[in-house]
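Below is one structure, written out as structure tokens; comments come after it.
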Amino acid sequence: MDKNHDARKQQTNASIRRSGKIALVIAILILLGQIISFLYKVTFTLRRPDTLEDESFLSYLNYIRYGTVPDLIVRIILTLGTMIPVILLLRDISRKGLPFTIQNGTRMFIAGIMQGLLALLPVLFQFVQMIRYGDSSDSSSLAYLIQPNVLNYLNLSFCFLLLFLAGLFRYGAALQQESDETL
Amino acid sequence: MKQSATDKNTIIRRLRTGSIGICVFYFLLTIFYAERGIGMLPNLKPEAELEIYRYETISQTVTYFLMAAAMLLAAILFLQIARKGMPFQDQHVRTVCIIGVLFLIIAVIPAPAALLLAKLNGVDTAMFLSPLISISALLEGFLMLFIAQILHYGTMLQLESDETL
């Protein structure tokens, strides 16, 4: 293996480490934002007045329903379940510059499962409502469950991406192990 | 080393199987975004109630078509991984880079460009409601570029592994 290859590898490691630090900061800020948003929504939902104070747009914004408190709690748990493994992964990458480890693959896998649950959660709630109050065997009711305003395709897309990356990281870990053993 | 080879083959087999499903999913998303973009086209006609609405529609239509392009590239990427079973290749790194750049374009170009076009045509832009920068698309773009870097490192490991064999 020529020295140029080793030099390029070192440069790529350093670059990944730098990018990992920036990504870590952004991920922590996103997590903090999600927590603050959750706390605001819960306190607002608990204190929400029954009627609009006046006809202003601001009053309407304040009246927006954020969903029930249990729904908010489940969402924040799943969001934490996604962001904490990602933050641990980025911390690992920012320290060592080596992304491919079995541990990182497992973290990606957990984050992917949490994203999938986050995507399917509204569908589950709707389905439970349909069983309790409506006809769940009606095909048009079932078709409603896969509408974009119910099934979150963005979260589902991230779920698939993270699960794929989990497999990719495990493959990369096998290659990394081979590389280390060769050296 | 032999156990590692078996592990690698098992993981590759799973990646190939998973890639087929993900390819189908992203292809469906391509159709979804393209359909949305095509559905917006009638709103570009001059008969729209508010002139500024036409320019917002231009911004949204361009965004949908760019998203469709990004999803199509992702579908093709996963199709190639499903066919060849080699995730760490330079062409895949380039594809992920292009997807990242597309997201960055979606984040910063359509809305400001539509607003500028409206101003140049003398349209009142007070009711232009679309956000000028999409933070989520910006983050997704940088995420894709970060993944491309990691894939690039993977191609180096793959090269070492192939030369060792």
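The values are calculated or read from the model by the stated rules, or taken from the named source; none is laboratory data. For clarity, every value in this text was computed on a predicted model and none was experimentally measured. Don't worry about glycine lacking a Cβ; one is built from the backbone with ideal geometry, like all the others, and counts go over all protein chains shown. Each accessible area value is taken on the protein alone, full model and side chains, heavy atoms only, with ligands, DNA and RNA left out. Shrake-Rupley method; radii C 1.70, N 1.55, O 1.52, S 1.80 Å.
Beyond 19 Å, what share of the Cα-Cα pairs of chain B is found? Please give it as a whole percent. Here the long-distance tail beyond 19 Å is 64 percent of all Cα pairs in chain B.
Once both labels are positioned 7 Å from their Cα atoms along Cα-to-Cβ, the gap between A:Ile30 and A:Ala7 label points is 3.6 nm. Please name whichever of B:Leu159, B:Pro110, B:Ile135 sits farthest to the positive end of the charge dipole of the range B:2-164, dipole taken about the Cα centre and charges placed at Cβ: Lys and Arg +1, Asp and Glu -1. Ranked along the dipole, the leading option is B:Leu159. Each residue, B:Glu163 and A:Ile73, gets one label point 7 Å from its Cα in the Cβ direction; the gap between the two is 5.7 nm.
May I ask you to derive the FRET efficiency for A:Arg91 and B:Asp124 from their Cβ-Cβ distance with R0 = 56 Å, giving the value to the nearest 0.05? With R0 = 56 Å, the Cβ-Cβ based efficiency is 0.70. Available extension along the chain between B:Asp90 and B:Ala113 is 5.0 nm, counting 0.36 nm per residue and deducting the alpha carbon span.
Residue ranking by accessible heavy-atom surface, 1.4 Å probe, largest first, among A:Arg47, B:Arg36 comes out as A:Arg47, B:Arg36.
Each residue, A:Ser37 and A:Glu181, gets one label point 7 Å from its Cα in the Cβ direction; the gap between the two is 4.5 nm. Rounded to the nearest whole Hz, the Karplus-based 3J(HN,Hα) values (6.51 cos²θ - 1.76 cosθ + 1.60, θ = phi - 60°) of the range B:52-57 follow the sequence 5, 4, 4, 6, 5, 5, with x at glycine and proline. Helical runs (DSSP H, four residues minimum) scored at -39500 (n - 2.57) apiece and divided by the length of chain B put the mean residue ellipticity at 222 nm at -29000 deg cm²/dmol. Net length available on complete extension from B:Ile38 to B:Arg13 is 5.2 nm, with 0.36 nm assigned per residue and the Cα-Cα distance removed. Normalised by the number of residues in the range B:1-145, the mean separation of alpha-carbon contacts (under 8 Å, six or more apart) gives a relative contact order of 28 percent.
At the residue level, A:Ile35 shows approximately 60 square angstrom of accessible surface with a 1.4 angstrom probe and all protein chains present.
Taking all protein chains together and rolling a 1.4 Å probe, B:Lys119 ends up with roughly 120 Å² accessible.
A 1.4 Å probe run over the protein chains yields, for chain B, 54 Å² of accessible area per residue, whole-number rounding. Segment A:Val128..A:Ala14, full-extension length gain: 36.1 nm, with 0.36 nm per residue of separation and the alpha-carbon distance subtracted.
Give me the accessible area of B:Cys97, 1.4 Å probe, in Å² rounded to the nearest 10. Ignoring ligands and nucleic acids, B:Cys97 comes out at about 50 Å². Mind checking the range B:83-128 for chymotrypsin sites (Phe, Trp or Tyr not before Pro) that DSSP puts in a loop (not H, G, I, E or B) and that have at most 10 other Cβ atoms within 10 Å? Hits after loop and neighbour filter: nothing returned. Per the accessible-area calculation with a 1.4 Å probe, the total area buried between chain B and chain A rounds to 3500 Å².
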